[in-house]
Amino acid sequence: MIKGNFIDNLPKVYGIYTGGFIGFIILMAIGEQMGMTAKAIGICFVGFTIFIYALIGWLSRTAQASNYYVAGRTVPTVFNGMATAADWMSGASFVAMAGGIYFKGYGYMALLVGWTGGYVLVATLLAPYLRKFGCYTVPDFVGTRYGGNTARLMAVIVLTVASFTYVTAQINATGTIAAVALDIPFQYAVYVGLVSILLCSMLGGMRGVTWTQVAQYIVLIIAYLLPVFWISNNIGAGFFPHFMLADEVARIGELEQQFGFVKNSAADLATVPKGLAGITKAHSEVNATPWAFISLALAMMMGTASLPHVMMRFFTTPSVKAARKSVGWSVFFIFLLYSSAPMLATLSKLALIDPNLPTGIIGKSIAEVQAIDWYQNWNQANLMFVSDFNGNGTVELNEFFMGGKAVVLATPEIAGLPYVISGLVAAGGLAAAMSTADGLILAIANAISHDVYYKMVDPKAETAKRLVVARVLLVVIGFAGATIAAMEIQGILGSVIWAFDFAMSGLFWPLVLGVWWKRANKEGAIAGMVLGLVSGFVYLVWVRSGGSGFLGITQLTFGIFGSTVSLVAMVVVSLMTSAPSAATQKMVDDSRVPAGASVIGGQK
Amino acid sequence: MAKNAQHWEKTRGLLFVTLAIWAVFSMGIFLFGAEMNEVTGPFGYPLTYWFTCQGSLAIFVILIFWFAGRQEKIDEEFGFSEKGDD
């Protein structure tokens, strides 16, 4: 179905797709006016988008290794940027980011800076050189640059640890949204989510994932931006929120002064349902120490540059220079969502706490608030709660509690947007979670099928057999992830941030020094990966079991410790052992010149 | 080989400039987060708040495109640029 000129037709194809999706939204809006139930709209949104993704996945099926592993290296810069943005922005970014900003303010914003700034490292230090190497996977680069199966295997292990930590959270998010939208129990919804994820990737590998991720980006960005602009207009905050919310930010500061942050007693807090939080931190004031902010940003930036599912997206561009530019497009498309999250947090907070707005609930009587329709809905969903701690009959700032997800999920309803928007938001969250899960599962399965099976176990395997192995692994890893997600041990596996720390502990320096330091050798790289990962892990366990930590490095930034150990180990061990062979050094030289054939021959 | 060495020297120079700008806007300015937030920034937001919401993020986007352009120029200068596709 997808012919050679498909690439030339991309703008047209996705233009029609975007138009079709907007048409679908309008159709649903009309349906709502004509009496379609909220549940039916939700099912339509989720069902329709999953069907489209599955269709794209089927159309992208392939029997060629280069198509399966690197989408034939034909993905144009702008589209690779969109696919990377979808690959990058997880269900957590979509649903929880605005909530994090809403509750934690400045301290949380380090994540926004870190999750975009990391791409500067990707563009300058790694992507163009790894692209020139011509590898299929990140461990493929490590294995080729340093030589030997041990280095390759270690890279596969770091990749698997980091990506698997990440993927269960994504499958969990997919399951949560599917459970709500389709109204089925979570334990089954997880597997519905998994099947949808596999439909995108199984037949077409990287090619299928690329073209579904572009489609998913379009859905998720519309689903995020449309409500933000609409809410801003509805509460009279300005038609372009990003440029016009200064007064609103100042007003929140004023209200915080007026209400004050009253501390609740432990006994009072015990009555608040689990997972809900009150507003305890200033909205726009600096509430974290410079080091707390900078260390978190730094950990996220180095982690970004070490996460294989992101790096492998830049293996799909037609050239080295396209790889560089497409990093720029990736951050641009990520920027569109990230710069909107603080605006949504501002709008949501103001709508809820400003007594001058009709939606404001602070200062209203408890009974009045409890009678509001949307309050009842979200209270039932366990995302909102008010309680009269001081017994004066009115809701105070410290007596109002909300779940982090509610900022994205509930604000449209609070601001009086039609239900069709809630359906759209569900489809957007699903797109975000699915696209990231797809990228991660593919990264793990490809590393095992290409680097472990093909490069180490059976180098003579034919393409057909390799691709069967790759697909079987995809399913096995997906099911393993879903099974763990279904067990709902959220607290342990929900921590997306850990994945960054694991990746940077084990992979950052072996990748960077592999390009930038010719003297780096196999022994050094192995020491760097092993000691980095192990020391990071030990530090995490130590801090979590009550250890005090040092230098203000927390369980969110343990990668700073791990990667420092990794750097020292790698340099020391490299210098203590012999320099890499002339052939390896020539390989590094070749990778520094963009023109010419890829460094690994014969793998296109 | 001299050509390659020169090319690499220029490439490294560009890397250091890019990383210096990156370090300033991802970490450097946040050393003075509290002081900077007293200043009114673009669109009337407090300055540090604006940097975390939009400023630093937008600077990274521009920085990467600028870097890509400069690197292409360096590659062209040494005849190392790839032909064709974009």
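Observations on the structure shown:
- In terms of distances greater than 28 angstrom between alpha carbons, the cross-link table entries A:Lys325/A:Lys349; A:Lys39/A:Lys405; A:Lys321/A:Lys465 yield A:Lys325/A:Lys349; A:Lys321/A:Lys465.
- Other protein chain Cβ atoms within 10 Å, averaged over every residue that makes up B:10-18: 2
- For chain A, the longest principal axis of the alpha carbon atoms and the long axis of helix A:38-59 meet at an angle near 10°.
- Alpha-carbon centroid distance for the pair region A:449-520 / region A:67-115, whole angstrom: 19
- Magnitude of the charge dipole, region B:17-86, Cβ model with Lys/Arg +1 and Asp/Glu -1, debye to 20: 240
- Once the Cα-Cα distance is subtracted from the 0.36 nm per residue extended length, the A:Phe186 to A:Ile7 segment shows a gain of 60.6 nm.
- Ascending count of other beta-carbon atoms within 10 Å, so fewest first, for A:Lys586, A:Lys281: A:Lys586, A:Lys281
- Residues A:Val195 and B:Asn4, FRET efficiency given R0 of 56 Å [Cβ-Cβ distance, rounded to 0.05]: 0.65
- Charge dipole (debye, nearest 20) of chain A; +1 at Cβ of Lys and Arg, -1 at Cβ of Asp and Glu: 2560
- C-alpha long axis of helix B:2-26 to longest principal axis of chain B, angle in °: 10
- FRET efficiency for B:Phe43 and A:Lys465, using Cβ-Cβ distance with R0 set to 45 Å, rounded to 0.05: 0.15
- Ranked A:Trp374, A:Trp88, criterion: other C-beta atoms within 10 Å, fewest first: A:Trp374, A:Trp88
- Shielding by partners for peptide B:67-73, expressed as the average number of C-beta atoms from other protein chains within 10 Å of each residue's C-beta, is 5.
- Here the residues A:Glu399, A:Glu413, ranked from fewest to most Cβ neighbours within 10 Å of their Cβ, fall in the order A:Glu413, A:Glu399.
- Sites matching GluC sites (Glu not before Pro) across region B:1-83 that sit in DSSP coil, with at most 10 neighbouring C-beta atoms within 10 Å: B:Glu38
- Too-long pairs where the Cα-Cα distance tops 21 Å, listed order kept, from A:Lys455/A:Lys518; B:Lys3/B:Lys73; A:Lys586/B:Lys73; B:Lys10/B:Lys73: A:Lys455/A:Lys518; A:Lys586/B:Lys73
- Kirkwood radius and radius of gyration were both taken over the C-alpha atoms of the protein assembly as shown, and their ratio Rg/Rh is 0.97.
- Stretch gain in nm, segment A:Leu575-A:Glu368, where the contour uses 0.36 nm per residue and the Cα spacing is subtracted: 67.3 nm
- Each peptide among A:264-272, A:313-321 gets the average number of other Cβ atoms lying within 10 Å of its residues, and from highest to lowest they stand as A:313-321, A:264-272.
- With a 10 Å cut-off around each Cβ of B:29-40, the average count of Cβ atoms from other chains is 4.
- Ranking A:Ile50, A:Val209, A:Asn398 by Cα position along the charge dipole of the protein assembly as shown, where only Lys, Arg, Asp and Glu carry charges on their C-beta atoms, puts A:Val209 farthest toward the positive end.
- Candidate cross-link partners of A:Lys12 among the lysines, defined by an alpha-carbon separation under 18 Å and a same-chain spacing of 8 or more, comprise A:Lys3.
- Gyration tensor verdict on region A:1-138 (Cα atoms; rounded if a/c is under 1.5, prolate if a/b is larger than b/c, oblate otherwise): oblate
- Global form of region A:541-604, assessed from the alpha-carbon gyration tensor, a/c cut-off 1.5: prolate
- Computed as a quarter of the hull surface, the mean projected area of the alpha carbon convex hull for region A:139-277 stands at 15.7 nm².
- Here the sum of -39500 (n - 2.57) over DSSP H runs of 4 or more residues, divided by the residues of chain A, equals -22500 deg cm²/dmol at 222 nm, to the nearest 500.
- Helix A:522-544 vs. chain A, principal-axis angle (Cα, 0 to 90°, nearest 10): 20
- Restriction of the trypsin sites (Lys or Arg not before Pro) in chain B to DSSP coil positions whose beta-carbon has at most 10 other beta-carbons within 10 angstrom yields B:Lys83.
No value in this document is a laboratory result; all are computed from the given coordinates. Worth saying up front: this structure is predicted, and the values here are computed from it rather than measured. Please note: Cβ atoms are built from the backbone with ideal geometry, for glycine as well, and neighbour counts cover all protein chains shown.
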